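Undergrad: There's a structure below that I have some questions on.
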Amino acid sequence: MNAIDVIGTGLGRDDLTPKHLELIRACDILVGGERHLKWFDGLGKQTIPIKGPIAEVVEAIREKMGRNRMVVLASGDPLFYGIGSTLIQYFDKAQLNIHSNISSVSAAFAAIKEPWHDALVISLHGRKGAETLSFSRFSSKDKIAFLTSPDMHPGVIAEMLGREDIYDFRLCVLENLGARDLERISWFENTDLVSRQTFRDPNIVILLRRSVQTPTVSRETYIGMEDSLFTHSKGLITKSEVRCISISKLKLVKKDHVLWDIGSGSGSVGIEASFLIPRGLVYAVEKHPGRIQDMVQNINNFNCSNVKAVNAEFPAGIEDFKTPDRIFIGGGGENLAGIMDVCCERLAPAGRIVVNTVLLQTIATTLAGLEKHGFSTEAVQVQVSRSKAMPYGDRLEASNPVWIISGVKQG
């Protein structure tokens, strides 16, 4: 039985090599889209057009592959979202010879002279509407290529970016790559302008993150900075050692996490957490105006552009907050139970809540609130003692013990 030669056509007929053309001339049956088959009308080959349900095309190939030499023409590269990927689901791999070629994505990055080994490629074929794709999951990437479709066109991608308040990408639309008279490459610094235009199919959209200068701060930053580096009143600050453990329990593993810091005080936890989520956002909520002034001074001092100070008594004013991936509660007071209910409901699936407290009564309230909403929980007691100079040596001075309670939402 003859193997089927699956040949990638790249961007057009000019990308076919002499080897490819020799296989096409020698075959008995040519399979492909109507556009591809027209290239070889003059050869007088028996043809099987690729249209309608793919199962019918596969059945037609099976019927005639026994004694016939067969070539399948594939757009771009056969195994890059192409017909080759479909055929290997229906035929044994030994029955297929795959001949690679230029993919539309490799051609697109070559056209804009940009390396693409670190790019994320997303196919939008078969999707319906912007609601089918959550762009926030991909926004930590610096380069993203979208294979568009008539339903998921560049305007839908621009709408998706605006809906999720993502504006740090340049957007490039590449239309009809390889077609000399129709090829067009358009760049947009303002993605809102994309939705006002129409683009010819086929097209590809590439997002490139704008280069951002690392902000300069007045001192080195790190997790667990000395308390004295923060402006705070009456010692109302999460101590540096406790801060380290609390932030570790938040498990900020993605650069674009959204963190709610409730009862933020001086903002020390939210500010240090923001170093770990440079593409994310911290909502630092504090009800006392005096402490807000301290927090704003600290935010400015460390140049934390992704920390938003909110002077409100939680949960007032959170309607416009983005859904949190992580929540830190450093102060809840007598309304802690109500705060826990709101936080547990608003937290994203598989999100984490971390609560710090020095009060025994708060431990029970926190654990009860987490367990009520089906969270798995963990409690850790931290006791820190610091050295203090004496006339003939040093002694240890103990700080108040702190309970750090963590909860993980199901999902």
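The values are calculated or read from the model by the stated rules, or taken from the named source; none is laboratory data. In this text the structure is predicted, and so the values were computed from the model without any measurement. Counting neighbours? That spans all protein chains shown, and the Cβs are built from the backbone with ideal geometry, glycine included.
Undergrad: Picking from V205, V253, which residue would you name as being buried (at least 19 other Cβ atoms within 10 Å of the Cβ) and either within 30 Å of I404 (Cβ to Cβ) or modelled with pLDDT of 90 or more (or both)? Outline the logic, then answer.
TA: Working: V253 fails: buried (at least 19 other Cβ atoms within 10 Å of the Cβ).
After applying the criteria, what remains is V205.
Undergrad: Among (1) touching a Leu at 6+ places or on another chain (Cβ under 9 Å); (2) at negative phi; (3) touching a residue at least 40 places away in the same chain (Cβ under 8 Å), where does N68 come up short?
TA: Failed condition: (1).
Undergrad: Given the criterion out of contact with any Asp or Glu (no Cβ under 7 Å at 6 or more places or on another chain) and closer than 19 Å to M1 by Cα, identify the matching residue among A74, A94, A119, A111. Spell out the reasoning first.
TA: Numbers: A74 fails: closer than 19 Å to M1 by Cα; A119 fails: closer than 19 Å to M1 by Cα; A111 fails: closer than 19 Å to M1 by Cα.
Criteria check complete, one pass: A94.
Undergrad: If you check D192 against the conditions, is it in a helix (DSSP H, G or I) and loosely packed, with under 13 Cβ neighbours inside 10 Å? Let's see the steps before the verdict.
TA: Details: in a helix (DSSP H, G or I): yes; loosely packed, with under 13 Cβ neighbours inside 10 Å: yes.
In short, yes.
Undergrad: When the residues of the range 223-250 are narrowed to those that are among the aliphatic types (A, V, I, L, M) and part of a helix (DSSP H, G or I), which ends up modelled with the lowest pLDDT? Please lay out each step first, then the result.
TA: Looking only at the range 223-250, we keep the residues that are among the aliphatic types (A, V, I, L, M), and these are 223, 225, 229, 236-237, 242, 245, 247, 250.
If we keep only those that are part of a helix (DSSP H, G or I) too, we end up with 229, 242, 245, 247, 250.
On the way: L229: 90, V242: 95, I245: 97, I247: 97, L250: 97.
Looking at residues that are among the aliphatic types (A, V, I, L, M) and part of a helix (DSSP H, G or I), I get L229.
Undergrad: (1) touching a strand residue (DSSP E or B) at 6+ places or on another chain (Cβ under 8 Å); (2) under 23 Å from M340 (Cβ atoms): which one isn't true of S268, the others all being true?
TA: (1)
Undergrad: In the range 99-127, what residues are under 21 Å from the mean Cα position of the chain (by Cα), touching a residue at least 40 places away in the same chain (Cβ under 8 Å) and within 19 Å of A74 (Cα to Cα)?
TA: V105, S123, H125
Undergrad: If you don't mind, another one. Looking only at the range 289-314, how many residues end up being touching a strand residue (DSSP E or B) at 6+ places or on another chain (Cβ under 8 Å) and either farther than 24 Å from E164 by Cβ or outside the structural domain of D325 (by TED's automatic domain parsing) (or both)? Even if it seems obvious, please write down each step before you answer.
TA: Quick first cut of the range 289-314, residues touching a strand residue (DSSP E or B) at 6+ places or on another chain (Cβ under 8 Å) only: 289, 292, 295-296, 299, 304, 306-312, 314.
Imposing the further condition that a residue be either farther than 24 Å from E164 by Cβ or outside the structural domain of D325 (by TED's automatic domain parsing) (or both) reduces the set to 289, 292, 295-296, 311.
Residues in the range 289-314 being touching a strand residue (DSSP E or B) at 6+ places or on another chain (Cβ under 8 Å) and either farther than 24 Å from E164 by Cβ or outside the structural domain of D325 (by TED's automatic domain parsing) (or both): 5 in total.
Undergrad: Name the residues in the range 259-298 that are under 18 Å from I318 (Cα atoms), buried (at least 23 other Cβ atoms within 10 Å of the Cβ) and among the charged types (D, E, K, R), would you?
TA: D261, E286
Undergrad: Could you figure out which of (1) farther than 23 Å from D256 by Cβ; (2) surrounded by fewer than 14 Cβ atoms within 10 Å (Cβ to Cβ); (3) touching a Gly at 6+ places or on another chain (Cβ under 7 Å); (4) of a type outside the set (K, R) isn't true of L370?
TA: Single failed check for L370: (2).
Undergrad: Let me ask you something else. Could you check how many residues of the range 180-202 are touching a strand residue (DSSP E or B) at 6+ places or on another chain (Cβ under 6 Å) and modelled with pLDDT under 85?
TA: Qualifying residue count, the range 180-202: 1.
Undergrad: Residues of the range 151-170 being closer than 16 Å to I204 by Cβ, in a loop (DSSP other than H, G, I, E, B) and either of a type in the set (A, V, I, L, M, F, W, C) or at pLDDT 90 or above (or both), which ones?
TA: M152, H153
Undergrad: Which one of the conditions (1) modelled with pLDDT under 95; (2) of a type outside the set (S, T, Y); (3) not in a strand (DSSP E or B) does R395 fail to meet, given that it meets all the rest?
TA: (3)
Undergrad: While we're looking at this one, here's another question. Could you list, in sequence order, the residues of the range 310-348 that are under 26 Å from the mean Cα position of the chain (by Cα), surrounded by 24 or more Cβ atoms within 10 Å (Cβ to Cβ) and more than 20 Å from E371 (Cβ to Cβ)?
TA: If the condition is that a residue be under 26 Å from the mean Cα position of the chain (by Cα), surrounded by 24 or more Cβ atoms within 10 Å (Cβ to Cβ) and more than 20 Å from E371 (Cβ to Cβ), then D325 is the only one that fits.
Undergrad: Moving on. Pairs only if they're at least six apart or on different chains, beta carbon under 7 angstrom, first in the range 303-315 and among the β-branched types (V, I, T), second assigned to a loop (DSSP other than H, G, I, E, B); list them, first residue then second.
TA: So the pair list comes out as V307/G267; V310/G317.
For every residue, the table says whether it meets (1) among the polar types (S, T, N, Q); (2) buried (at least 17 other Cβ atoms within 10 Å of the Cβ); (3) touching a Cys at 6+ places or on another chain (Cβ under 7 Å); (4) more than 17 Å from N101 (Cα to Cα).
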| residue | (1), (2), (3), (4) |
| --- | --- |
| K38 | no, no, no, yes |
| Q46 | yes, no, no, yes |
| K51 | no, no, no, yes |
| I61 | no, yes, no, yes |
| G66 | no, no, no, yes |
| V72 | no, yes, no, no |
| S75 | yes, yes, no, no |
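Undergrad: Can you name every residue in the range 265-299 that is in a helix (DSSP H, G or I) and closer than 21 Å to N335 by Cβ? It would help to see each step written out before you state the result.
TA: In the first step, residues of the range 265-299 are kept if they are in a helix (DSSP H, G or I); the result is 268-276, 289-299.
V269, G270, P289, G290, R291, I292, M295, listed by residue number.
Undergrad: What's the number of the only condition in (1) surrounded by fewer than 18 Cβ atoms within 10 Å (Cβ to Cβ); (2) under 23 Å from G178 (Cβ atoms); (3) not basic (K, R) that V6 fails to meet?
TA: Result: V6 passes all but (1).
Undergrad: Still on this model: Within the range 360-392, how many residues are in contact (Cβ under 8 Å) with a residue 12 or more places away in the chain, part of a strand (DSSP E or B) and either touching a Lys or Arg at 6+ places or on another chain (Cβ under 6 Å) or among the hydrophobic types (A, V, I, L, M, F, W, C) (or both)?
TA: Qualifying residue count for the region: 3.
Undergrad: Where residues in the range 398-411 are of a type in the set (G, A, S) and assigned to a loop (DSSP other than H, G, I, E, B), which of them is nearest to H373 (Cα to Cα)? Full working, then the answer.
TA: Step one: list which residues in the range 398-411 are of a type in the set (G, A, S), which gives 398-399, 406-407, 411.
Next, only the ones that are assigned to a loop (DSSP other than H, G, I, E, B) stay: 399, 411.
On the way: S399: 33, G411: 12 Å.
Going through the qualifying residues, I end up with G411.
Undergrad: Tally up the residues in the range 9-29 that are surrounded by 21 or more Cβ atoms within 10 Å (Cβ to Cβ) and closer than 17 Å to Q95 by Cα, please.
TA: The total comes to 1.
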